[in-house]
Structure formats: C-alpha cells, structure tokens
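Just below is one structure, and these are the notes that go with it.
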Amino acid sequence: MMPDIRHKFIVGNWKMYTTAAEARRLARAVVQGMGIEDRVSVTVCPPFPYLAAVGEILKGSRIALGAQNLYPEREGAFTGEVSTTMLLDLGCRYVILGHSERRHKLGESDTFINKKVQAALTAGLDVILCVGETLGQRNANLTNAVLDRQLIQGLAGVSSDTLMHLSIAYEPVWAIGTHGRHASPEQAEEAHTAIRRRFGQMFGEKSAQTLVIHYGGSVKPGNAAAVLCRQGVDGALIGSASLNADQFLAIVRAGIVDPQTEGNSA
Ligand code: PEP
C-alpha cells in the first residue's frame, strides 16, 4: 500500500553512485537519523549491487527499500537485467520506473516503460512512475501534452485494483541534477494539478484524490519546505541530496506533517 495520504513520501534515488562501503555508511546514517519518526514515509533506492547490503541495514527501521529499474520479465535469457522476482527476493517494496535519465540517455520508450509498470504491479511491487518535460517542450508550451502522453501510454492497461500501489513523480527534465535550477513551487503545483486532472480522467476522481504525486528536480534542504507545502505536492524524489545523509534527513524533516496542525492550515 502507498503511505497514508497525509504523510509526505520522500524517496532517495542514489543513481549510479556510492561504493559498497559508502552505501552501507549512508544507509546507517539515514536509519539513525530517522529513528522512530513516523510522520513521514521514506524510501531509499540504492544501485542494484548494494540492494542486499542496504536492505539488511534497513531491516527493523521505518525506511523502505526501492530499486531504480527492472526488466519486465520474471526470468529468462536477458543478460545483465534484473527481474521483479529478484527485487522482491531482496526485500524491495518500491521501484522507480520511467526516470528521465533512462528515457533520454538510454532511449526508453513509453511502451517499454508501460511493460515495466505492468510487470511490477502484477508482481506486487509499488511503482514510482516518473514523468516530466524537457526545457524545449516547456518553452514550446508542450508540458501538459507531454505529461498526458507519458501518463496515458505509461499506464495503459493498468488495473484500477492496483492504483494504491502506484505513485507519480513529476520531474521536469530541466531541473534534474542541476545546481540551483528547480521548478518554482508554483510550477510544481501547476504540473501536479494537471497530472491529477489527467489521472482522474483515466481512473476516476476518487483515485485521483488519493494519488501520491512527488516533485523531483534539485530538491535541497533550502527549497524542500517551500515545494512540499504546496497543494497537491505529496512528496519528493531526491537525487543528489539523497547521497548526503544530513541533507537528505533535512529534506525528510521538511516533509513532516504534524496531524495536530495540519487540519488548522486548510
Ligand atoms: C532524480 O534523479 O530523480 C532527481 C530529482 O535528481 P536531483 O535531485 O539531483 O535533481
């Protein structure tokens, strides 16, 4: 199940970084820093080779394990690929799919991403599907058209029964991995609204209201609170700042929603 809608959901994407020793150190620091905090949901997604080691460290903590990709077959002659079965075997609960680095640097199509989404949901993994426009597309006023296409094609054939195992990460490509350039809180809110509207047209208003939508793109301790407090921003997907435990934990803290004050701010 996806986390409670009132809880922000923060995901760390370690990309192709860390050695085994660094991954263990980082995981231990995040576990220690989180302690028994339960007002925010946290997942970390290390590189494949370190999933087992990090999974051991996360055991008994409040932090879930996620993978950064998968191959949409259960097993077979697919040299170098990793299946849903293997991820589940290693204790993964989440998988990031459709990340812009895979779309744009490795040429993944919406059709291929859709196969992965379906395979993951069928196998029982929770999917974080990334969508987002390039700068050229934004400048050409194509943002909503791109988001629509990525949602419609990426989620084709997905059963309504599995929607509680799906979240969407809005990651404008022009804001990922940059030092300083991120979407403004207004731009993030606007895109999240468009995603939720399209999702509602696809799966119904009720599913759209409970859909968790993360913002991703150069979220740092200094800008996390401003984006996380916006209407419809349910969490964040963090790349580079997730490689530093202090920075990641500061972002996690920015996502803590106190149930006692939440109702008063509406
Ligand atoms: C990402 O890789 O999903 C991401 C958002 O990266 P960064 O935080 O470094 O922009």
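Quick notes on this structure:
- Some residue of the stretch 204-220 being open to solvent by 20 Å² or more (accessible area, probe 1.4 Å) and either farther than 23 Å from ASP126 by Cβ or within 16 Å of the ligand (Cβ to nearest atom) (or both): yes
So that you can scan it fast, the table gives a plain yes or no per residue for (1) β-branched (Val, Ile, Thr); (2) more than 25 Å from ARG196 (Cβ to Cβ):
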position	(1), (2)
ARG74	no, yes
VAL82	yes, yes
LEU90	no, yes
SER100	no, no
LEU106	no, yes
GLN118	no, no
ALA123	no, yes
LEU129	no, no
GLY136	no, no
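- Among the criteria (1) within 14 Å of the ligand (Cβ to nearest atom); (2) in contact with a Leu (Cβ under 7 Å, 6 or more places away or on another chain); (3) open to solvent by less than 10 Å² (accessible area, probe 1.4 Å), the one TRP174 does not fulfil is (3).
- Close pairs from the stretch 117-138: first free of Cβ contacts under 8 Å to residues at least 60 places away in the same chain and open to solvent by less than 10 Å² (accessible area, probe 1.4 Å), partner of a type in the set (S, T, N, Q) and within 16 Å of the ligand (Cβ to nearest atom), Cβ under 9 Å, at least 6 apart: VAL127/SER167; LEU129/GLN150; LEU129/SER167; GLU133/GLN150
- Only one entry in VAL127, VAL158 is touching a strand residue (DSSP E or B) at 6+ places or on another chain (Cβ under 6 Å), of a type outside the set (D, E, K, R) and either within 16 Å of the ligand (Cβ to nearest atom) or part of a loop (DSSP other than H, G, I, E, B) (or both), namely VAL127.
- Condition met for GLY239 (touching a strand residue (DSSP E or B) at 6+ places or on another chain (Cβ under 9 Å), open to solvent by less than 50 Å² (accessible area, probe 1.4 Å), touching a residue at least 24 places away in the same chain (Cβ under 8 Å) and at positive phi): no
The values are calculated or read from the model by the stated rules, or taken from the named source; none is laboratory data. Keep in mind the model is a prediction, meaning the values are calculated, not measured. Note that we place each Cβ from the backbone using ideal geometry, even for glycine, and neighbour counts take in every protein chain shown. Each accessible area value is taken on the protein alone, full model and side chains, heavy atoms only, with ligands, DNA and RNA left out. Shrake-Rupley method; radii C 1.70, N 1.55, O 1.52, S 1.80 Å.
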